[in-house]
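Heads up: the structure comes next, in structure tokens.
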Amino acid sequence: MKPVVRMINFILTLSVIMGFGFCETSSAFSAGDTVPNFSLKDINEKVYDLSSLKNQPMVIIYFFDVDSRSSQEGLLTIDDLAKQYKDVDLLVWGITTSSKEKVLKFNTLTNPTFPILMDTTGVSQKYKAQTILPTICITGPELKVLDFFQGGGKTTEIMLVKLAERTLQQKKVEIAKAISGKVVTKNPGNVEAKSVHGYASLKAGDVEEAEKTFYELSREKGDGAVLGKEGLSTVYAQKGQTEKSLAMAEEVEMSGPGRAYVHVVKGDLLYSQNKKTAAEVEYKKAIAKKQSAPYQKAVAYNQLGRLYANRGNFKKSRELYAQAVSIDPYYIEATANRGLTYEKEGDWAKALENYRQALAIDKSDPFAATLAKNAKERLLLEQDEEKRSRIDKLVDELVLRYRDQTFSVDSTIEDDWTSQPMILTFTYFSETGGLTERDGFSTVLTSQLADQLNASGRVQVVDLILIERLLERLNLKTSDLAEQETALKLGKVLSARIIGTGAIFHVHGSSLITMRLVDTETTDITKVINGEFGGGPSIRKDMHQLNREILTTVIQHYPLQAFVVDIIGNQVLLNLGADQGVVLGTRFDVIEDKPAIEYRGKKMKPESAVVAQVEVVKLEKDFAYGHLKNTRRPIVRDDKLRENIDDIVFQGQGTKVW
Amino acid sequence: MQVSGRFQSYMITCCLLLLGLTFTVRATGEERVFPLTVAEAEDTVSLWLSRKGYDLYRRNIDQGGIQLIADTGESNWQISIWPNSPLATKIIAVFTENSMVIAGRNDELWDVLDRQSNTPALTKTQPSDTSFPSFMLAKNKAVVCIHSGGEAGALQLSGFIIDPAGIIVSTAHGLDYLQTVQVILHGGRILTGRVIKINPGLDLTLVDVSTGLDAFISLDKGRNLLEMGERLFTVGCPNDLSGIIFSGILDSPPRKVGSRPLWQVNMPIHQGSSGSPVFDLQGNLTAIVKGRYRGTDYIGFLIPFETLIEFISEP
């Protein structure tokens, strides 16, 4: 063969490889297109209809050939992850035109966790996946295209990095780490995958691992060094090492002037130093620059939107949030923030619409769920004239009480031993510090805690709508409740024994909270709870922990007190019930007061003796039944009962099967 | 045929017992108690079920309980949740597949709930020993936040009242003699104060708000000599957050800066902490927070009590 012919053959071969083997193209679909619907069967004749996945946040449609190993590589990597991580929650459909026998063999060999569908109706053609395999289409909400890839080899790697980014956007940090980790193991030179791995560690709260990843990346040459330093700047900001973070940001600006995210980090730091104008400049720079992953670029739009919203420019902030969501359709924060701008304008219907969009991305998101619940309640109240008039009447009474300083006394209480319901009210939480990605932290905090405390049955929390209406009528602003005297006055009017107030300080990546529980009768601080709320997935756990701490404080400082009303065998009737905070399993000590002892002119009051214990087994509104345990003397009517916290946290070991 | 009332009631009881027995047999399930609140247990179970792709229904049941019913058409979970105390929850789970009750399918659910039960406590901003002596709450009332300057050159410090006549001690850095500052009291009341005494060398200042104040920290109860490893507490306005309590350990011998000793402490020190009073375990005033080691939030420096006395005693 002549050299010229050999050269032509070589060029042709190369072009085939370039065109088919390593091609990433978006020629079939563009981002945002809705994919064509189809209905296919697996080898067991089970029908799979794509339209049933319309509400799924992410679907991977993977066209492949069971005879081609390179076309299966990405699919098998995802399958490995799905097998390794039970909660991986990746929705994948494999589609092939291969014969039934070959698919059966493939299924037997690989035992995939997702269905392999037989394309007998030309679906591959609709997706332009007849020639180049694999063809991978990643769709987002409403089955709209997020990413489209064709070809194996390098393209599979690019697809996996993109998938890792997408899972990171969805806050599935562990799976993002796992996918990027797999790419790095196969190709240690993939700096994008390393960077995603670092940010996923940071979002998971593993700051040390993130720092290690970014440090190693920063030691590399070229793009890797810039990505590493940008990551390090983020890590230092999260650790509160402001100067170090800013110094690293300067280095990134020098070596990678096109990088966008570093300006977001700088903007956040400047905002937390109260330099809002300078922060705005940085966010605008971040928006103008091109080099960044979409999920980071979206943050720039969101932060500028937050800044404008804090200035009251809701229209402008909404535009920015919309841009953020158009870049990152999983950006739940920006979607919910847009709802909050409507909420602040009093448009609850539009607010709810946005919160529902946020919930479509992740129905378990605690922020969106709480905000949606509040908005729904407001809308229902707007329609419920009877309830509104009931609230108005109550508010009228409370206004009079507040002005006359007369506080409600329950006239049915005949003794000073029996407990009254434990009522708590949240007043004011100041929010200062940096600009978190999410707006409305204090609203969500107080609403969630109110719901959780009410669900405990032990504490009743005053309805936040009632407080809001009362403040309106008294011409008070929420911030006026920062004055403890005003807050206490309001708490007493609302018959609350405890007011919960405090401050929230946002630092990069987390929020510090200090909550004071103040006794309205004594004005003493019953408890100060200091804590740190991590961002991302831990917020739900942090909320529950705070709820536990408040409940523990209430039980420790205000144990329920009751009397024995009747005794039937081993069962006692108590004069407290569900309305006063008794729940199933509440433990009481039956106590016996000891008379004071006088010894050599000195009077001593011994501690009460515990003569039995009672565990509540049945509840009514105003009374309860309990079983007697550890009885040391016969229990009689009018014996005193006091709630015991020591033994209530965990009773019962092991599983009971019945 | 006439049936006596007694026999009738006997028959009804028997039927009820039989019904109860039938129900017990049909609803074979597993029951466990977890140290979780009802809200937390419900949240955890709901999340687990929705991640498994179940449609979820919720209803209130007797005795303050709730039931979650999850269904895919083929399989079904009925999970009943009752309080077992305000801080513990009893869960009964029944799994059915094709209308048959299947036993032993709860391991994954129990696993998820066990993991939730073992979640560490809310991340504390203070070191691991999170208990504070009760006196710190009383001391808190005498602590103030101090602001000076405008937006560009804004300065925020902590301070504490040492005289009910309205005299406050703070650090001196960033302040000038006779400068006017804003003082925010524990309850949120805002007063205007003036720097009446300053010693930049000792980094101490006195601010006068010329208003009678109830809470104050007496200098009569001070302590000079601290021991290495001793536990200390501070309350101040870090990051302008009033009333934040931190604890730490004296972890290094005193170092001399100029001619004055400074103590090094392993304690969270944030922007705005300077001027916070520091106490020992008995509630004695031992030092004032000077600042933090540059670039860290956990290595701080304290001005010893004796330096404060020296400053106050100066003419």
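Computed from the coordinates by the stated procedures, all read-outs in this text should not be read as laboratory data. The structure displayed is predicted, hence computed values, not measured ones. Methodologically, a virtual Cβ is constructed for each residue, glycine included, from the backbone with ideal geometry; neighbour enumeration extends over all protein chains shown.
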Label-point separation in nm, A:LEU380 to B:ASP163, each point 7 Å along Cα→Cβ: 6.0
Grab the beta carbon distance between B:TYR293 and B:ARG51, set R0 = 45 Å, and tell me the FRET efficiency rounded to 0.05. 0.50
Gained length - B:ILE312 relative to B:LEU281, 0.36 nm times residue gap less alpha-carbon distance: 8.7 nm
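What per residue convex hull volume, in Å³, comes out for the range B:28-117 when only alpha-carbon positions are used?
84
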So how long is each side of the range A:39-360 along the principal axes, counting just the alpha-carbon atoms, biggest first, in Å? 67, 51, 32
Mean Cα-pair separation over length for chain A, i.e. relative contact order, pairs under 8 Å, 6 or more apart, %: 8
Where the centroid of each part is defined by its Cα atoms, how far is the range A:542-595 from the range A:313-330 in Å? 50
What lysines could a cross-link reach from A:LYS489, if we take a straight Cα to Cα line under 25 Å and drop same-chain neighbours fewer than 8 places away? A:LYS393, A:LYS477, A:LYS527, B:LYS139, B:LYS141
Give me the inter-chain shielding for A:576-585: mean count of other chain Cβ atoms within 10 Å, whole number please. 4
Quick one: A:PHE441, A:PHE214, fewest Cβ neighbours within 10 Å first, how do they rank? A:PHE441, A:PHE214
For chain A, give me the percentage of DSSP beta bridges that are antiparallel, rounded to the nearest 5 percent. 75
In nm, spacing of pseudo-spin labels at A:ALA31 and B:ARG115 (7 Å Cα→C-beta vector): 3.2
Summed residue charge, Cβ within 9 Å of A:VAL582's Cβ, Lys/Arg positive, Asp/Glu negative: -1
Per residue Cα convex hull volume for the range A:190-251, in cubic angstrom? 59
Quick one: give the max-minus-min coordinate of the C-alpha atoms of the range A:109-237 along each principal axis, largest first, in Å. 54, 31, 27
State the Kirkwood hydrodynamic radius of the range B:145-245 in Å, one decimal place, computed from all pairs of distinct Cα atoms. 14.4
Work out, in µm²/s and without decimals, the Stokes-Einstein translational diffusion coefficient of the range A:561-643 at 37 °C, 0.692 mPa s, Rh from Kirkwood over C-alpha pairs. 247
Could you list A:TYR321, B:TYR177, A:TYR330 in order of exposure, starting from the residue whose Cβ has the fewest other Cβ atoms within 10 Å? B:TYR177, A:TYR330, A:TYR321
Over the range A:428-570, what lengths in whole Å, largest first, do the semi-axes of the equivalent ellipsoid take, defined as the square roots of 5 times the eigenvalues of the alpha-carbon gyration tensor? 29, 21, 14
The range A:39-360: relative contact order from alpha carbon pairs under 8 Å, six or more residues apart, as a whole percent, is 11
Residue order, fewest to most surrounding Cβ atoms within 10 angstrom, among A:LYS492, A:LYS393: A:LYS393, A:LYS492
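What net charge is computed for the residues neighbouring B:PRO200, neighbours being all others with C-beta under 15 Å from the C-beta of B:PRO200, Lys and Arg scored +1, Asp and Glu -1?
Values: positive: B:LYS197, B:ARG260, B:LYS290; negative: B:ASP176, B:ASP203, B:GLU310, B:GLU314.
Combined, the nearby Lys, Arg, Asp and Glu give -1.
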By its C-alpha gyration tensor, with a ≥ b ≥ c as the square roots of the eigenvalues, how is the range A:205-298 shaped: rounded for a/c under 1.5, else prolate for a/b larger than b/c, else oblate? oblate
Between A:LEU394 and A:ASP480, what is 0.36 nm times their sequence separation minus the Cα-Cα distance? Round to one decimal in nm. 28.8 nm
Counting all Cα-Cα pairs in the range A:332-473, those more than 26 Å apart amount in percent to 36
The range A:294-379: relative contact order as a whole-number percent, Cα under 8 Å and 6+ apart: 22
Compute the distribution of all C-alpha to C-alpha distances in the range A:507-588, in bins of 10 Å from 0, and list the percent of pairs in each, rounded to whole numbers. 14, 33, 26, 17, 8, 2, 0
Which distance in nm do the two modelled labels at B:THR211 and A:GLN56 give, with both placed 7 Å along the Cα-to-Cβ direction? 6.3
Which percent of Cα pairs goes in each bin when the distances of the range A:423-505 are cut into 5 angstrom slices starting at zero? 3, 14, 25, 25, 18, 10, 4, 0
So, R0 is 56 Å and r is the distance between the beta-carbons of A:LEU464 and A:GLN125; what FRET efficiency does that work out to, to 0.05? 0.50
Binned Cα-Cα distance frequencies in the range A:69-114 - 10 Å width, integer %: 24, 58, 17, 1
Output for the range B:135-313 (equivalent-ellipsoid semi-axes, sqrt of 5λ from the C-alpha gyration tensor, Å, descending) is 23, 17, 16
How many percent of the alpha carbon pairs in the range A:504-658 exceed a separation of 29 Å? 39
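A:ASP638 to A:GLU521: extension gain in nm, 0.36 nm per residue of separation minus the Cα-Cα distance?
Working it through step by step, the gained length comes to 39.4 nm.
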More than 25 Å apart: what percent of Cα pairs in the range A:267-369 qualify? 19
Quick one: grab Rg to one decimal and Dmax as a whole number for the protein assembly as shown, Cα atoms only, in Å. 32.6, 124
Across the residues of A:449-457, average count of Cβ atoms on other protein chains within 10 Å? 4
When Lys and Arg each count +1 and Asp and Glu each count -1, what net charge do the other residues less than 15 Å away from A:LYS102, Cβ to Cβ, add up to? -2
What is the average number of partner chain Cβ atoms found within 10 Å of a Cβ in A:523-529? 4
